[in-house]
Amino acid sequence: MDGHPSPGPAGGTGQPLDRRAELSEFLRTRRARLKPEDVGLPDFGRHRRVPGLRREELAQLAGVSVAYYTRLEQGNGRNVSPEVLDAIARALRLSDAEHAHLTHLAKPKQHKKKRTARPQQVRVALRQLLDALDGIPAYITGRRSDILVWNRMAAAVFGDWSELPPQQRNWARMVFLKPEYRDLFVDWEQKAIDIVCLLRMDAGCHPDDPQLSALVGELSVKSEDFRRLWATHDVKEKTYGVKRLRHPLVGDLALQFESFRLPDDSEQALITYHAEPGSPSAEALRLLASWGTDATRAGAASPP
């Protein structure tokens, strides 16, 4: 096994994210993306000072008073009922992931600080499973997009993460701060969006996580792209799809990925990549597997 549990990103003791501000901005940005005609309301052509639905229009759709919705959008969700949240989610046309994020922000669960701060551990059987996936790039991620463990093929495709300090084995840090990953991902922008959306979901579940706050603060200072995408407040989770890579040794790869949340720890996910049988990408993976450690050392993101 090439990977070892990561203690999580370092970067100082970040201040907790402001849950009320997160709730306020999330609702505001979701409301701004809707037009009256999108939700069956008449648009009389009156000048709108801000894009999207007005608060009174959203309140009408959700069946609540304007004053009640205004308090919620100002970050005061202490006494909001699940039924009202459901109505607002329907009015805003939220996805399942967005609905869950809204619920986490408005009615946060009480987490013990030790739970968030504890090191992330991967079961031995899962490590063995990764090693058994011969020819299949696979790894396990945890909170904050940390990469916890990976197999030899993942190192051959994405770079030898064992050469990175544990705190840098993090998808957000690598995608936004390491130029080689811009070269690796053909659609780098989409990969960056996916990472930010996952971090937003994590922030909704764990707003008091100081390591997450430190990571967001570091990326906000160092990456203009991160600041731009973080400001959208978008949340979603891709569980499958196709990732196109440009590998320095074997060229272009089209790999289908699958993401599986672990039943005993929903904060960990197993991600696998495979190529269509008989395709050039399948042959390229076979070549990488046959090259073994040579491919790993020359992997796409290995540090110089």
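The values are calculated or read from the model by the stated rules, or taken from the named source; none is laboratory data. Fair warning: this is a prediction, and the values are worked out from it, not measured in the lab. Methodologically, a virtual Cβ is constructed for each residue, glycine included, from the backbone with ideal geometry; neighbour enumeration extends over all protein chains shown.
Here are some notes:
- When residues of the stretch 75-101 are limited to those that are under 18 Å from residue 205 (Cβ atoms) and among the small types (Gly, Ala, Ser), the one surrounded by the most Cβ atoms within 10 Å (Cβ to Cβ): 77
- For the stretch 273-297, the candidate set comprises residues that are at pLDDT 95 or above and among the polar types (S, T, N, Q); within that set, the residue that is nearest to residue 260 (Cα to Cα) is 281.
- Looking only at the stretch 107-133, residues that are at pLDDT below 80, of a type in the set (S, T, N, Q) and outside any helix (DSSP H, G or I) come to 1 in all.
- Here residue 235 meets the list (1) among the β-branched types (Val, Ile, Thr); (2) part of a loop (DSSP other than H, G, I, E, B); (3) surrounded by fewer than 15 Cβ atoms within 10 Å (Cβ to Cβ) almost entirely, failing just condition (3).
- Tally of residues being modelled with pLDDT under 75 and among the charged types (D, E, K, R) across the stretch 34-53: 4
- Verdict on residue 161 being within 25 Å of residue 283 (Cα to Cα), of a type in the set (Phe, Trp, Tyr) and free of Cβ contacts under 8 Å to residues at least 40 places away in the same chain: no
- So residue 222, is it over 18 Å from residue 190 (Cβ atoms) and surrounded by fewer than 16 Cβ atoms within 10 Å (Cβ to Cβ): yes
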